[in-house]
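Step one of this worksheet: look at the structure below.
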Amino acid sequence: MTNIEDELRALFAERAAGVPVRGDPAERVIRRAARLRRRRNTLFGLVGVAVMVLGGASFQVVREHGRATAAQAVVRAASTYPAIKLDLRVGNELWTTDGRRLRLPGVGAVTWVDRVPAGWVYGGTGGSLRLLAPDGTEVGSWLPADAATVSPDGEEVASVSDANGSRVLVIGRLGAAGVDLVAETTIADRAVPVAFVGPSVVLGRADSTGRISAYDFWDPPAAYRPSWNDRIADVYGATGSRLVGLVSQAPGSTDGCVSYLDLDRRTGLRPAHIGACGLGLPAAAAQAAPSPSGRWLANRTGIGIAFIDLDSPDPSRPSASCVVRGRSAPVWEDDSAVLVATDTGLVRCGPDGQNHEIMVSGLPAGDWDVVPALGR
């Protein structure tokens, strides 16, 4: 890119707040690909109890950790707690919030599921993605998919696969009749779709270690023209017509800044409005989930989840922290709380300091995930 270093210095000097609004799609793509490669190659003392049922499984709030600040947690009594608002993927089954257990057939070992208006779109080790209707029946049409990402409104999916010696990216529209092909193009080797911004698809390119180390975008229906940017450390999602991500402060830097990213057809992705620096967000290793409204960033740290208020004029420290040993990035239930998958169940955390442990009976040791809900 032309004069990128000068532009970055100017943007960092201006330091204005960036506002991401959705989850961490790049981190999810990395986790999905890691699970795919692995499969192809081979209770605490009760303080207060609330019992809920989901698909025959019992959910119990067994510990109220209390309101947590960045410095410490203050224990308070637990109270009756509402049922979780998101479905769970458990092996090749979907455990829904209304009590059903639905099979997820046709894709081998299931590695990911997203809730969308048309039902649930899912993929696995079989190299394809499929759609399950709201009544639990399988919709016939499908797309080849080594990796995929779903639009924030849940209406479209972008998937990539190798065909006839080329890396082919396709966009499909999700509907009652299944997945309809909208557009396709050829992209670089090791490139995967990581996010949508309006009609455009953001791409990540993996290095030799499998980590996404550069980003670009495709603006259909035109043919893809590469313009990779290796100063973008992570992509969180879109707010309206703009993308939000993490930008490295300097080559080799271990810290990054939240930034709006412009999609420029001539120069590719470029930082446009940088703020929220010095938060300890690790460049190239972020596992963060912006809230639906865009106010909060829930960031996975070494000891739990840190909530950063991006509406603050100087978001230089977390507003609250939740001590939890999560297995992956948090998933927002709504704008007030996230669900964090742990080795023993779920923890609900929020920027108000809430911290509730929810035990789920019947869960396997590790082959399960929280299902994000898109288009809600």
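What follows draws every value from the coordinates through simple rules; no lab data is involved. Since the model is a prediction, treat every value here as computed from it, not as a measurement. All Cβ positions, glycine included, derive from the backbone under ideal geometry; neighbour counts span all protein chains shown.
Brief remarks follow.
- Taking a point 7 Å from the Cα of Leu181 along the Cα-to-Cβ direction, the residues of the stretch 136-154 with backbone N closer than 20 Å to it are 139-151.
- Cβ-to-Cβ counts within 10 Å put Asp369, Asp234, Asp98 in ascending order as Asp98, Asp369, Asp234, the fewest first.
- Couplings for the stretch 83-96, taken from phi via the Karplus curve 6.51 cos²θ - 1.76 cosθ + 1.60 with θ = phi - 60°, read 5, 5, 9, 10, 6, 10, 9, 10, x, 9, 10, 10, 9, 8 Hz in order; Gly and Pro are left as x.
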